[in-house]
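K.L.:
This is the structure I have questions about; it appears just below.
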Amino acid sequence: MEFGMPTLLETGTLAACAALCRELSLDFIELNMNLPPYQLQEMEVSKLQEIRERYAVSYTLHLDENLNVCDFNPYIAQGYLRTVAEALALARRLGIPILNMHLARGVYFTLPQGRTYLFAAYGRRYRESIAGFCSMCEDAAAGADVRICIENCEGMLPFQREALDMLLASPVFGLTFDVGHNHGCGGLDAPYWMRNADRICHMHLHDALGGACHLPLGTGELDLDPYLALARERNCRVVLETKTIEGLRRSVQWLRKRQELGLGKETAHGDS
């Protein structure tokens, strides 16, 4: 089990981020492609390699949260598909084992009976796009030790769970369990993730309190020990997903104390 950190705005540069990662004795940095410095055209392989070797860190990659490979506009969808294909090529060159990805809900219409998501209304077209995306990823990742892990966000809808079933039929795909997001949606995603626990490769670990998440570990209302036990059982890479340097430091301190006490070893299940 490895522990890592997200890309923090306060660090400014990858080198500063890597220095903090090493200072805190963490294993990896999750490079965040929502940020300008981590766009594909900005990330030079030689520079990433040099920083990795200088600070003895490794990387995972968080794909753009706007990513929507099933967009009905083919020009937009092709741009996102190209982004994933090139991200997989980058992962090959750098030995990046995990690409983290959100599964877009897409647009909805508000009708008298409530929201109707267009991906559900045009289900056949949506499923065809998912199948094409899966096939493209299999080709791009062939022979590489890399997984695209789908992260739970705000409660997966039925058409998203159907898409997940299709993707998880391929060995290229896995799951990221974000424990704070699961708490925020009332535990809606935990049953699916636990039924497919053998596919959980990655975890975003942070505390939550009411509607607030991404809090430092130990400062919210979550029982985090079962999630640590799940991560250990699945040999996950775990991102301590706070948004500030101070929050990350507090999370590392909390985690080290739990490890010293030998806690977090019970079997994980369900929501906290």
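K.L.:
Considering all projection directions equally, how large on average is the shadow of the alpha-carbon convex hull of the stretch 169-234, in square nanometres?
P.N.:
4.5
K.L.:
Asn100's amide H: which non-local residues (gap 5+, or another chain) put their own amide H closer than 5 Å, with H modeled 1.01 Å from N in plane and none for Pro or chain starts?
P.N.:
Leu61, His62, Leu63, Cys149
K.L.:
Using C-alpha positions alone, give me the convex hull volume of the stretch 127-246 per residue in cubic angstrom.
P.N.:
Spelled out: Cα convex hull of the stretch 127-246, divided by residues, is 116 Å³.
K.L.:
Rounded to the nearest 0.05, what FRET efficiency is calculated for Arg22 and Phe72 with R0 set to 51 Å and r the Cβ-Cβ distance?
P.N.:
Efficiency at R0 = 51 Å is approximately 0.70.
K.L.:
A further question on this structure: Over 5 Å intervals from 0, what percent of Cα-Cα pairs in the stretch 121-169 sits in each interval?
P.N.:
Pair shares across the bins are 5, 18, 27, 24, 16, 8, 2, 0.
K.L.:
Over 25 Å, how big is the tail of the calculated P(r) for the chain, in percent of all Cα pairs?
P.N.:
46
K.L.:
Could you give the Stokes-Einstein D for the stretch 1-79 in µm² per second, using the C-alpha Kirkwood radius, 37 °C, 0.692 mPa s?
P.N.:
241
K.L.:
Place a label point 7 angstrom from the Cα of Met166 along the Cα-to-Cβ direction, then list the residues of the stretch 40-84 whose backbone nitrogen is under 16 Å away.
P.N.:
Zone members listed by number: 68-74, 77-78, 81.
K.L.:
Ranked by Cβ crowding within 10 angstrom, fewest neighbours first, how are Ser129, Ser170 ordered? Present the calculation step by step, with values, prior to reporting the outcome.
P.N.:
Working: Ser129 21, Ser170 15.
The most exposed by this proxy come first: Ser170, Ser129.
K.L.:
Moving on. Could you calculate, for the stretch 202-261, the ratio of the Cα radius of gyration to the Kirkwood radius, expressed as Rg to Rh?
P.N.:
Taking Rh as the inverse mean 1/r over Cα pairs, Rg/Rh reads 0.94.
K.L.:
Still on this structure, I have one more. So if I place +1 on the C-beta of Lys and Arg and -1 on the C-beta of Asp and Glu, and nothing else carries charge, what would the dipole magnitude of the stretch 127-266 be about its Cα centre? I want it in debye, nearest 20.
P.N.:
So the dipole magnitude of the stretch 127-266 works out to roughly 460 debye.
K.L.:
Rank these for me by crowding, Tyr192, Tyr227, going from fewest to most other beta carbons within 10 Å.
P.N.:
Result, fewest neighbours first: Tyr192, Tyr227.
K.L.:
If we restrict to alpha carbons, what Rg and Dmax does the stretch 41-127 come to, in Å?
P.N.:
Here Rg and the maximum Cα pair distance are 17.5, 59 Å.
K.L.:
Most exposed first by the Cβ proxy, i.e. fewest other Cβ within 10 Å, how do Val107, Val57, Val239, Val179 rank?
P.N.:
Lowest count first: Val107, Val57, Val239, Val179.
Values quoted throughout were computed directly from the atomic coordinates according to the rules given, and no laboratory measurement underlies them. Small disclaimer: the values here were computed from a predicted structure and weren't measured. Here Cβ is always computed from backbone atoms with ideal geometry, including for glycine, and neighbour counts include all displayed protein chains.
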